[in-house]
Amino acid sequence: MQFKALVMALAAALAMNAEALADAPIVIKFSHVVTSDTPKGKAAERFKQLAESATKGRVRVEVYPNSTLYKDKEELEALQLGAAQMLAPSLAKFGPFGVKEFEIFDLPYLFPSKEALYRVTEGPIGRDLFKKLESKGITGLAYWDNGFKVMSANKPLKLPADFKGLNMRIQSSKVLDAQMRALGANPQVLGFSDVYQALQTGVVDGTENPPSNLYTQKMHEVQKHVTVSNHGYLGYAVIVNRKFWDGLPTDIRSALENAMKEATRYANAIAQQENDAALNAVRKSGKSVVYVLNEKEREEWRKALLPVQKEMESRIGKDLISSINKETNGAGFR
């Protein structure tokens, strides 16, 4: 009798554990490398709120900002291995990852406006680019805006000649490498979390970023000059582990897709205002002099940088560049 009671008790305990496991929420670890008060950081938190609400607690989103879980070079591998379920890496990260077409977004003076950019990311071209990630075990969910970039250094950068000999930090991108070389600078690849110290110690002389990244990482405190050049674009792709995503219950996946759409609208709406606020904060700090290129200077930059687009045709694809040129009415190629 005692043995029978023990078996029954064990069976009941196993049933209770199984029921507890069945009731346990699905956990999504969302890792990113910027602070929580950037456009991406705020959008990630908004997605968390929307996703948990829409699934009535059946999903728990754990957001890990500022490289607290994985750094730049680690996060894509972690996603593929299933150690993280969701990321929002900058679009430049996919070139070294083997999907060179994404480096189209790094081309200087390609997008004349946000409207032109959204016609690409929200249209067939954006969807086709996401399909290229599927063979890597990745599903693309959304493009999040982060804005056009400024340049910073410890000397004024008004004309291409001012870059000569400077060591400029870049993301790992052949396009950005070519961009800095076209300006006469020496490109230096560094992970995002290492940039502040590298600027502070003089390992690199300057870098490029949207203003919100520059300000929230306090780079303006170790850079005397910031030039509003809007020469290039930096955006993000929200991606998930494909096996994890496809394995979700249909109703959960649908709820998460809707949450992501709403979070994306929010992300793209706040990007410009966050960058404007960051630039004003840099000005008010008094630590960096902010300079806006005039039309003549901007034309000199364009003249120096537009050849990069031709140079990268064999890497990115001439047809892809042409299709974006057509989508933006050729405005980026004047």
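What to note about this one:
- With respect to (1) touching a strand residue (DSSP E or B) at 6+ places or on another chain (Cβ under 6 Å); (2) part of a loop (DSSP other than H, G, I, E, B), the lone exception for D37 is condition (1).
- In the set (1) farther than 22 Å from L133 by Cα; (2) at pLDDT 95 or above; (3) within 18 Å of the chain's Cα centre (by Cα), K287 fails one condition alone, (3).
- At least 2 residues being more than 24 Å from S254 (Cα to Cα) and more than 15 Å from the chain's Cα centre (by Cα) is the threshold, and among the helices (runs of 4 or more DSSP H) wholly inside the range 47-163 those reaching it are 72-81, 114-121.
- When residues of the range 149-181 are limited to those that are of a type in the set (D, E, K, R) and touching a Leu at 6+ places or on another chain (Cβ under 9 Å), the one farthest from E101 (Cα to Cα): K155
- The range 77-86, residues that are surrounded by fewer than 24 Cβ atoms within 10 Å (Cβ to Cβ) and either more than 17 Å from W245 (Cα to Cα) or in contact (Cβ under 8 Å) with a residue 40 or more places away in the chain (or both): A78, Q80, G82, A83, Q85
- If you go through the range 28-65 and keep only what is closer than 25 Å to S173 by Cβ and either surrounded by 19 or more Cβ atoms within 10 Å (Cβ to Cβ) or among the small types (G, A, S) (or both), you end up with F30, S31, H32, V33, V34, T38, P39, K40, G41, A43, A44, P65.
- Inter-residue pairs, beta-carbon under 9 Å, first over 20 Å from G137 (Cα atoms) and small (G, A, S) and in the range 98-126, second buried (at least 21 other Cβ atoms within 10 Å of the Cβ) and modelled with pLDDT under 95, 6+ apart: A116/L110; A116/I324; A116/G332
- Considering the conditions (1) closer than 22 Å to L141 by Cα; (2) part of a loop (DSSP other than H, G, I, E, B), N329 is excluded by exactly one of them, (1).
- Among the numbered conditions (1) touching a residue at least 40 places away in the same chain (Cβ under 8 Å); (2) surrounded by 18 or more Cβ atoms within 10 Å (Cβ to Cβ), the only one that K136 does not meet is (2).
- Look at (1) outside any strand (DSSP E or B); (2) on the phi < 0 side of the Ramachandran plot and you find that G184 fails only one, number (2).
For every residue, the table says whether it meets (1) touching a helix residue (DSSP H, G or I) at 6+ places or on another chain (Cβ under 8 Å); (2) in contact (Cβ under 8 Å) with a residue 60 or more places away in the chain; (3) more than 30 Å from K48 (Cα to Cα).
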| position | (1), (2), (3) |
| --- | --- |
| S173 | yes, yes, yes |
| G184 | yes, no, yes |
| F192 | yes, yes, no |
| T201 | no, no, yes |
| V226 | yes, yes, yes |
| S229 | yes, yes, yes |
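- Residue list for the range 287-304, filter: surrounded by 16 or more Cβ atoms within 10 Å (Cβ to Cβ) and touching a strand residue (DSSP E or B) at 6+ places or on another chain (Cβ under 8 Å): S288, V290, Y291, L293
The values are calculated or read from the model by the stated rules, or taken from the named source; none is laboratory data. Just so it is clear, the structure is predicted and the values come from calculations on it, not from any experiment. Note that we place each Cβ from the backbone using ideal geometry, even for glycine, and neighbour counts take in every protein chain shown.
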